[in-house]
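Peer 1: This structure is in structure tokens; I'll ask about it shortly.
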């Protein structure tokens, strides 16, 4: 990776929840840590015992933590990762404390299950997952509840029209580490309002397809040059709203992993996803890797440390 701008994945933090909905995240995080030679950490968040309750029942807080630690031990042992993961029990609001722990251990990737205790409703993100994806200052991987085996098919959703296409670089880097010969990059586009003043719909859509294909090829050239000898990229363009096209493409193509960008350069620090990226995370029926730029989020780490302390 001679000239990559990607943050190396050296340390992975996975949220457990100790539920069946978090099994997929735990097993995929373990597989990724092996593939990427990364350190693995697993965390379980519990509600703190109030000072009044501790005063009324001395020792309750320590007992509560000890029980959570025992349950976490049993959970990871049941899924054969006890010997591979460092375990953490945290107290407080799960999303806040998971982000805090991630910064404390300097995690490069946070892995979390799509669903919470609310059940397996297609297209629904659990409240903790939603907050973590939006506010965590480093990349987040949102995982389906069931473990579908090793990642064998990677796609990249490119909404960029400039050369800052870190999602493509990440997709190529992952595919290379996973031994894949090729990945797919899908670009969705819409015919802009007012096209009828200068052309027909057919002319506008045809020209847009041509322009987006050229942009994509240039992005592939630049990303491939930065990463050395990466897999080949199959470029596809689709006419339609990205929030409709990209999740459907991921499902039709049978992707195991869709890498998206967060495109947060012009947004306030607390909004790390744009509307398109957030909608894709919500709708796609596959694992989603939300890539965040280390250059953009370096100052955000300081912001969140100050916010959370």
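The values are calculated or read from the model by the stated rules, or taken from the named source; none is laboratory data. All values derive from a computational prediction rather than experimental measurement. Neighbour counts run over all protein chains shown; Cβ positions are idealised from the backbone, glycine included.
Peer 1: Pick out the one residue from 159, 129 that is at pLDDT below 90, surrounded by 17 or more Cβ atoms within 10 Å (Cβ to Cβ) and assigned by TED's automatic domain parsing to the domain that holds residue 111.
Peer 2: Result: 129 is the single residue among 159, 129 that is at pLDDT below 90, surrounded by 17 or more Cβ atoms within 10 Å (Cβ to Cβ) and assigned by TED's automatic domain parsing to the domain that holds residue 111.
Peer 1: I would also like to ask the following. Do we find a residue being at pLDDT 90 or above and crowded, with 20+ Cβ neighbours inside 10 Å anywhere in region 259-277?
Peer 2: Let us first name the residues in region 259-277 that are at pLDDT 90 or above, namely 259-260.
Okay, now just the ones that are also crowded, with 20+ Cβ neighbours inside 10 Å, so 259-260.
Yes.
Peer 1: If you scan region 221-248, which residues turn out to be buried (at least 20 other Cβ atoms within 10 Å of the Cβ) and either modelled with pLDDT of 90 or more or not assigned by TED's automatic domain parsing to the domain that holds residue 208 (or both)?
Peer 2: If the condition is that a residue be buried (at least 20 other Cβ atoms within 10 Å of the Cβ) and either modelled with pLDDT of 90 or more or not assigned by TED's automatic domain parsing to the domain that holds residue 208 (or both), then 230, 231, 233, 245, 246, 247 are the ones that fit.
Peer 1: Against the condition in a loop (DSSP other than H, G, I, E, B), modelled with pLDDT of 90 or more and within 29 Å of residue 29 (Cα to Cα), how does residue 150 come out, does it pass?
Peer 2: So residue 150 passes the test.
Peer 1: Looking only at residues that are modelled with pLDDT of 95 or more and not in a strand (DSSP E or B) in region 180-194, which one is surrounded by the most Cβ atoms within 10 Å (Cβ to Cβ)?
Peer 2: 180
Peer 1: Ok, one more. Condition test on residue 168, is it in the same structural domain as residue 261 (by TED's automatic domain parsing), buried (at least 17 other Cβ atoms within 10 Å of the Cβ), without any contact (Cβ under 8 Å) to a residue 40 or more places away in the chain and farther than 30 Å from residue 16 by Cβ?
Peer 2: No.
Peer 1: Among all residue pairs at least 6 apart or on different chains, which show Cβ distances below 7 Å where the first residue, located in region 197-213, is surrounded by 13 or more Cβ atoms within 10 Å (Cβ to Cβ) and the second is part of a helix (DSSP H, G or I)?
Peer 2: 204/195
Peer 1: Do we have any residue at all in region 44-51 that's modelled with pLDDT of 95 or more and surrounded by 14 or more Cβ atoms within 10 Å (Cβ to Cβ)?
Peer 2: no
Peer 1: If you scan region 57-96, which residues turn out to be out of contact with any strand residue (DSSP E or B) (no Cβ under 8 Å at 6 or more places or on another chain), surrounded by 15 or more Cβ atoms within 10 Å (Cβ to Cβ) and part of a helix (DSSP H, G or I)?
Peer 2: Matches in region 57-96: 61, 95, 96.
Peer 1: What is the number of the single condition among (1) assigned to a helix (DSSP H, G or I); (2) modelled with pLDDT of 90 or more; (3) in contact with a strand residue (DSSP E or B) (Cβ under 6 Å, 6 or more places away or on another chain); (4) under 17 Å from residue 233 (Cα atoms) that residue 169 does not meet?
Peer 2: For residue 169, the exception is condition (3).
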